[in-house]
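Undergrad: First, the structure itself, so that you have it in front of you.
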Amino acid sequence: MSAGALVAHWVRHGESEWNAAGLLQGQSDVAPGLTRLGHRQAREAAASLAGSGAGVVVSSDLRRAMQTAAPIASALRAPLQIEPRLRERSLGSAEGRPIADATEGIGVIDDIVVDADAKPKGGESVRELYERVALYIDALRYGEVVTDGSPAVLVAHGGVIRVARAYLSGQLPDKMSWAAVDNASVWRVAL
């Protein structure tokens, strides 16, 4: 497959219990996952993708993403692949803390990355997340990840989508935007 030939629809997972509580979730994968609203958002995202022609749904292996991906795959009658490289940024010791209180080691202030190498104890930096997601995007672009050539739906997380947008627009992680990504929002892009 040549570069730029594949279309992807990136979807952020529906609202999780921790999103609703205002907690940093990172790679924490606690039950029950999505809220009632989050399940509705997943169904709405599935309906919005009905005419996309997507032939495969690829999801992060975290519960909230898989709970969002399942109704999408069902609605599209497409196979569901699980992909750990689409996991959210690990926030280590900051996971479970209120978003408003967690600033140390995050490297983001006022929706801008101010230190791409900062990371909470036991966590991952924005730069490490960026590199992980960039490698996955390149694997998609060059056929190392089999999608049959049809559009793909990639169900992931806010941080993953932020760095994907930066990478695909040629922006490096230093000083990149860290603006909000709405739950269950859909972003279409040619890879």
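Undergrad: Only Lys, Arg, Asp and Glu count, each charged at its Cβ (+1, +1, -1, -1), so figure out the dipole size of the range 7-190 about its Cα centre, rounded to 20 debye.
TA: Dipole about the Cα centre, nearest 20: 480 debye.
Undergrad: Another question, if that's okay. With Kirkwood radius over Cα pairs in Å as the read-out, I listed (1) 16.5; (2) 23.5; (3) 19.0; which label goes with the value calculated from this structure?
TA: (1)
Undergrad: Then there's this: Each residue of the range 177-191 in order: what ³J(HN,Hα) in whole Hz does its phi give by Karplus 6.51 cos²θ - 1.76 cosθ + 1.60, θ = phi - 60°, with x for Gly and Pro?
TA: 5, 10, 5, 4, 10, 5, 4, 6, 6, 10, 10, 9, 8, 8, 8
Undergrad: Relative to the longest principal axis of the chain, what angle (0 to 90°, nearest 10) does the C-alpha long axis of helix 36-48 take?
TA: The two axes meet at around 40 degrees.
Undergrad: Show the residues, 5+ positions off or on another chain, whose built amide H is closer than 5 Å to the amide H of GLN81.
TA: Answer set, sorted by chain and number: VAL57, VAL58, SER59.
Undergrad: Please build a GNM for the chain, connecting alpha carbons under 10 Å apart, and tell me which residue among ALA118, ALA139, ALA156 fluctuates the most.
TA: Highest fluctuation among the options: ALA139.
Undergrad: Once you've got the GNM for the chain with C-alpha springs shorter than 10 Å, pick whichever of SER150, SER60, SER169 has the biggest mean-square fluctuation.
TA: Comparing SER150, SER60, SER169 in a Gaussian network model of the chain, the most mobile one is SER169.
Undergrad: Nearest 500 deg cm²/dmol is fine: what mean residue ellipticity at 222 nm does the chain get from its DSSP H runs of n ≥ 4 alone, each adding -39,500 (n - 2.57), divided by its residue count?
TA: -9500 deg cm²/dmol
Undergrad: With θ set to phi - 60°, apply the Karplus curve 6.51 cos²θ - 1.76 cosθ + 1.60 along the range 81-97 and write out the HN-Hα couplings as whole Hz, x wherever there is a Gly or Pro.
TA: Each residue's phi maps through the Karplus curve to give 10, 9, 9, x, 5, 8, 4, 5, 4, 6, 10, x, 5, 7, 5, x, 8 Hz.
Undergrad: Please compute the contact order of the chain in relative form: average sequence separation of alpha-carbon pairs under 8 Å and at least six residues apart, divided by the residue count, as a percent.
TA: It rounds to 35 percent for the chain.
Undergrad: While we're here: Once the other residues with Cβ under 9 Å from the Cβ of SER90 are scored (Lys, Arg +1; Asp, Glu -1), what is the net sum?
TA: -1
Undergrad: Now for a separate question. Would you mind checking which residues have amide H under 5 Å from ARG89's amide H? H placed 1.01 Å from N; only 5 or more apart, or other chain.
TA: Residues meeting the amide H criterion: GLY159, VAL160.
Undergrad: Could you identify which residue out of VAL114, VAL133, VAL155 has the top mean-square fluctuation in a GNM of the chain using Cα springs shorter than 10 Å?
TA: VAL114
Undergrad: Residue farthest toward the positive end of the dipole of the range 7-190, with Cβ of Lys/Arg at +1 and Asp/Glu at -1: which of SER28, GLY107, GLN41?
TA: The Cα lying farthest towards the positive end belongs to GLN41.
Undergrad: In whole Hz, with x marking every Gly and Pro, tabulate ³J(HN,Hα) for the range 108-122 from phi via Karplus 6.51 cos²θ - 1.76 cosθ + 1.60, θ = phi - 60°.
TA: 10, 9, 6, 6, 10, 6, 9, 8, 5, 9, 5, 7, x, 3, x
Undergrad: Considering only the other residues whose Cβ falls under 15 Å of the Cβ of PRO173, what net charge follows from Lys and Arg at +1 and Asp and Glu at -1?
TA: So the surrounding residues net to 0.
Undergrad: Between ASP111 and ASP148, what FRET efficiency follows from the Cβ-Cβ distance if R0 is 41 Å, with the result rounded to 0.05?
TA: 0.65
Readers should treat all values here as calculations from the given coordinates under stated rules, not as data from a laboratory. Not measured: the values here are computed from a predicted model. So basically every Cβ, Gly included, is an ideal-geometry build from the backbone, and we count neighbours across all protein chains shown.
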